[in-house]
Every structure is written in structure tokens, then in C-alpha cells.
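Shown next, in C-alpha cells, is the structure this report addresses.
Readers should treat all values here as calculations from the given coordinates under stated rules, not as data from a laboratory. Everything quoted here is computed from the prediction, not taken from an experiment.
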């Protein structure tokens, strides 16, 4: 699960970064550029949160199996 989320994150960050560079070069509005920059920050944060919650869920399953 971690490896899959990591690859999804890497591919999405590269795509957002490429779109950000394209919009910056072509002269897009400041709002569009800020939205891409927000996505560059939030995508890794969300993926990290998903990994943490997955890990917490797996720990609870392991604890219930040990009883």
C-alpha cells in the first residue's frame, strides 16, 4: 500500500509541477499559479495522512488478533 501511494504521489507531483511551470511560462493568472503551489504542498500531506491512518488501522487489527 505504501509503495502504491508513493508512486501515485510522485506521478501527481510531477504532473502538477509541469503544469505549474507551463502556466508560469505562458502567463497564467496568479490565482491559477497559487492553486498549483497549494496542490504541491497538499498532495504529499494528504498521502502521508493516508499512510498514517492505514498504519493505525493495521496496528489495531494486529492487536485484536493477538487476544
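Between residue 60 and residue 13, what length comes free when the chain is fully extended (0.36 nm per residue of separation minus the Cα-Cα distance, one decimal in nm)? Show your work: numbers first, answer last.
On the way: separation 47, 0.36 × 47 = 16.92 nm, distance 3.12 nm.
Extra length from residue 60 to residue 13 when fully extended: 13.8 nm.
Quick one: pull the percentage of alpha-carbon pairs in the chain with a separation above 17 Å.
Details: 1179 of 2211 pairs.
Looking at the chain, the distances longer than 17 Å represent 53 percent of pairs.
Okay, helix-only estimate at 222 nm for the chain: each DSSP H run of n ≥ 4 adds -39500 (n - 2.57), divide by all residues, round to 500 deg cm²/dmol; what do you get?
Working: 2 runs with 62 residues, N = 67.
-33500 deg cm²/dmol, from helical runs alone.
Length gain on complete extension for the stretch residue 35 to residue 51, per 0.36 nm per residue less the alpha carbon to alpha carbon distance? Don't skip to the answer; put the middle values down first.
On the way: separation 16, 0.36 × 16 = 5.76 nm, distance 2.41 nm.
That works out to 3.4 nm of additional length.
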